[in-house]
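The values are calculated or read from the model by the stated rules, or taken from the named source; none is laboratory data. Since the structure is predicted, the reported quantities are computational estimates derived from the model, not experimental observations. For neighbour counting, all protein chains shown are included, and Cβ atoms are generated from backbone atoms with ideal geometry for every residue, glycine included.
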Amino acid sequence: MCRYVVVGDGANINTQKSILAAGEAAGLRGVAAVTMALTNTMSDGKTVWNAARTEHLILLEKPLTE
C-alpha cells in the first residue's frame, strides 16, 4: 500500500530529505520524490523561479508483511 505526502519548504529549508528519513525510521520505504517550484511569467516574457516556494511530492511504501 502506498501513501503520499506533499510538503512545502519554508524559507531556505528543504524538507524532502527529512521527511524521507522520518518515513524510513518509521518502517516505510521511500519509493519516489519530486520537487515542484513556483514560477511566474513576468510582463516582459521572462520566467522567474522562486526558490523559497518549493513543494515536494513524496511517495512512501509500507513493506508487505509475510
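Can you tell me which residue within region 43-58, out of those that are at pLDDT 75 or above and of a type in the set (D, E, K, R), is surrounded by the most Cβ atoms within 10 Å (Cβ to Cβ)?
Among residues in region 43-58 that are at pLDDT 75 or above and of a type in the set (D, E, K, R), the one surrounded by the most Cβ atoms within 10 Å (Cβ to Cβ) is GLU55.
Based on what the data block shows, is GLY8 surrounded by 13 or more Cβ atoms within 10 Å (Cβ to Cβ), under 12 Å from the mean Cα position of the chain (by Cα) and at pLDDT 75 or above? Steps first, please.
Numbers: surrounded by 13 or more Cβ atoms within 10 Å (Cβ to Cβ): yes; under 12 Å from the mean Cα position of the chain (by Cα): yes; at pLDDT 75 or above: no.
Here the answer is no, as GLY8 does not meet what is asked.
Given the conditions (1) at pLDDT 85 or above; (2) in contact with a Phe, Trp or Tyr (Cβ under 9 Å, 6 or more places away or on another chain), which single one is not true for ASN40?
ASN40 satisfies all of (1) at pLDDT 85 or above; (2) in contact with a Phe, Trp or Tyr (Cβ under 9 Å, 6 or more places away or on another chain) except (1).
Just for region 18-38: of the residues that are without any contact (Cβ under 8 Å) to a residue 12 or more places away in the chain and in a helix (DSSP H, G or I), which one is surrounded by the fewest Cβ atoms within 10 Å (Cβ to Cβ)?
So, considering only residues that are without any contact (Cβ under 8 Å) to a residue 12 or more places away in the chain and in a helix (DSSP H, G or I), the one surrounded by the fewest Cβ atoms within 10 Å (Cβ to Cβ) is ALA25.
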